[in-house]
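S.K.: Sharing a structure with you now.
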Amino acid sequence: MLECKNLTKIYESGGEELIVLKNLSFKIEDGEFVAIIGPSGSGKSTLMHILGALDTPTSGEYLFNGKNISEFSDDELANIRKTQIGFVFQAFNLLPRTSVLRNVMLPLVYADTPEAEREPRAKEALKNAGLDEDHFQHLSNQLSGGQMQRVAIARALVNNPTLILADEPTGNLDTKTGKIVLETFRKLNKEHGHTIILITHEPDVAEAANRIITIRDGVIVEDKKNTHSLL
């Protein structure tokens, strides 16, 4: 599904080159649950932006479903982000004075989904994300942090993406609530077959995944199967 070949990203700063990613090569197959872990400054955020079609590499190739991302136009990249990648962020990014259901329906509006399909699809996504139906009409700012993150997961699911990209999704949550959110990702991967890439700096969070890629100073230092997932 995803393949990086000698991926390099260089930024120019004050006339100097800053090499953030250095010849990264790896594949992620359909249906995998992968954690990419590294400390601050390791390059994992830059890698996330490339994997999410928000940026392109300086050299090397990033193949998304077999096609080189660098060859896509801006409109094509936007369409990939809209229809094939679901994003989940640390900050939730929900509209605060808008109902849960409407928050989840919003991507369907942007995708010109027929109006009659929007509410049923939003409800299905919310159920799959583990949110109780009693909360569907609540305003998002009336929810707990864990409930808001599950709404954000539902919003990422609603367009049936091939990839879910989660950037520090437990960063604003306490440990217990974070485990519930990670269990939600595990269920989506195991029962629904979603490909999930989890970006984190926390080893305990990475342990939720079935494969862990460790990145440091822009280089992959370890890529291993995780046969003892904590969840």
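The values are calculated or read from the model by the stated rules, or taken from the named source; none is laboratory data. All figures in this text were calculated on a predicted structure; none of them were measured in a lab. Glycine also receives a Cβ, built like all others from the backbone with ideal geometry; neighbour counts cover every protein chain displayed.
S.K.: Take residue 93 and decide whether it is of a type outside the set (D, E, K, R) and modelled with pLDDT under 95.
M.R.: yes
S.K.: Additional query: Got a number for residues in region 181-227 being outside any loop (DSSP other than H, G, I, E, B) and closer than 22 Å to residue 156 by Cβ?
M.R.: Taking region 181-227 first, the residues outside any loop (DSSP other than H, G, I, E, B) are 181-192, 195-200, 203-206, 211-216, 219-225.
Within this subset, residues satisfying the condition of being closer than 22 Å to residue 156 by Cβ are 181-192, 195-200, 205-206, 211-213.
Count: 23.
S.K.: Taking region 54-90 as the search range and keeping residues that are within 24 Å of residue 170 (Cβ to Cβ) and among the aliphatic types (A, V, I, L, M), which one is surrounded by the most Cβ atoms within 10 Å (Cβ to Cβ)?
M.R.: Checked region 54-90; the qualifying residue surrounded by the most Cβ atoms within 10 Å (Cβ to Cβ) is 88.
S.K.: For region 12-73, which strands (runs of 3 or more DSSP E) that fit wholly inside it have 2 or more residues that are under 26 Å from residue 190 (Cα atoms) and not aromatic (Phe, Trp, Tyr)?
M.R.: Output list reads 16-28, 33-37.
S.K.: Starting from region 181-201, keep only residues that are under 16 Å from residue 147 (Cβ atoms), then list their pairs with residues that are among the aromatic types (Phe, Trp, Tyr) and in a helix (DSSP H, G or I) whose Cβ atoms are within a distance under 8 Å, requiring at least 6 positions of separation or different chains.
M.R.: Between residues of region 181-201 that are under 16 Å from residue 147 (Cβ atoms) and residues that are among the aromatic types (Phe, Trp, Tyr) and in a helix (DSSP H, G or I), there is no close pair.
S.K.: Another question, then. Run down 186, 121, 102, 150 and say which single residue is among the charged types (D, E, K, R), outside the structural domain of residue 43 (by TED's automatic domain parsing) and within 30 Å of residue 223 (Cβ to Cβ). Outline the logic, then answer.
M.R.: Details: 186 fails: outside the structural domain of residue 43 (by TED's automatic domain parsing); 121 fails: within 30 Å of residue 223 (Cβ to Cβ); 102 fails: within 30 Å of residue 223 (Cβ to Cβ).
Being among the charged types (D, E, K, R), outside the structural domain of residue 43 (by TED's automatic domain parsing) and within 30 Å of residue 223 (Cβ to Cβ) holds for just one of 186, 121, 102, 150, which is 150.
S.K.: Taking the condition of being assigned to a helix (DSSP H, G or I) and touching a strand residue (DSSP E or B) at 6+ places or on another chain (Cβ under 6 Å), how many residues in region 158-180 meet it? Even if it seems obvious, please write down each step before you answer.
M.R.: As a first pass, look at region 158-180 and keep what is assigned to a helix (DSSP H, G or I): 175-180.
Next, only the ones that are touching a strand residue (DSSP E or B) at 6+ places or on another chain (Cβ under 6 Å) stay: none.
Going through region 158-180 one residue at a time, the tally reaches 0.
S.K.: Separate question: From the list 12, 32, 17, exactly one residue is farther than 13 Å from residue 220 by Cα, in contact with a Lys or Arg (Cβ under 7 Å, 6 or more places away or on another chain) and not aliphatic (A, V, I, L, M). Which is it?
M.R.: Within the list 12, 32, 17, the selection yields 32.
S.K.: Quick check: is even one residue across region 21-40 of a type outside the set (A, V, I, L, M) and buried (at least 20 other Cβ atoms within 10 Å of the Cβ)?
M.R.: The answer is yes, given that some residue of region 21-40 is of a type outside the set (A, V, I, L, M) and buried (at least 20 other Cβ atoms within 10 Å of the Cβ).
S.K.: With the condition kept exactly as written, say whether any residue in region 123-143 is surrounded by 12 or more Cβ atoms within 10 Å (Cβ to Cβ), of a type outside the set (A, V, I, L, M, F, W, C), touching a Gly at 6+ places or on another chain (Cβ under 6 Å) and free of Cβ contacts under 8 Å to residues at least 40 places away in the same chain.
M.R.: no
S.K.: Looking at region 80-107, I want the residues that are polar (S, T, N, Q) and have a partner that is assigned to a strand (DSSP E or B) with Cβ atoms under 8 Å, at least 6 apart or on another chain. Which pairs are those?
M.R.: These pairs meet every condition: 84/64; 84/163; 90/167; 98/139; 99/139.
S.K.: Within region 108-122, how many residues are surrounded by fewer than 15 Cβ atoms within 10 Å (Cβ to Cβ), among the β-branched types (Val, Ile, Thr) and not in a helix (DSSP H, G or I)?
M.R.: Here is the first cut: in region 108-122, the residues surrounded by fewer than 15 Cβ atoms within 10 Å (Cβ to Cβ) are 109-112, 114-117, 120.
Those left that are additionally among the β-branched types (Val, Ile, Thr): 109.
Next, only the ones that are not in a helix (DSSP H, G or I) stay: none.
Summing the residues that are surrounded by fewer than 15 Cβ atoms within 10 Å (Cβ to Cβ), among the β-branched types (Val, Ile, Thr) and not in a helix (DSSP H, G or I) in region 108-122 gives 0.
S.K.: Note down all Cβ pairs under 6 Å where the first residue falls in region 14-32 and is outside the structural domain of residue 214 (by TED's automatic domain parsing), the second is of a type outside the set (Gly, Ala, Ser) and not in a strand (DSSP E or B), and they're at least six residues apart or on different chains.
M.R.: From residues that are outside the structural domain of residue 214 (by TED's automatic domain parsing), there are no pairs.
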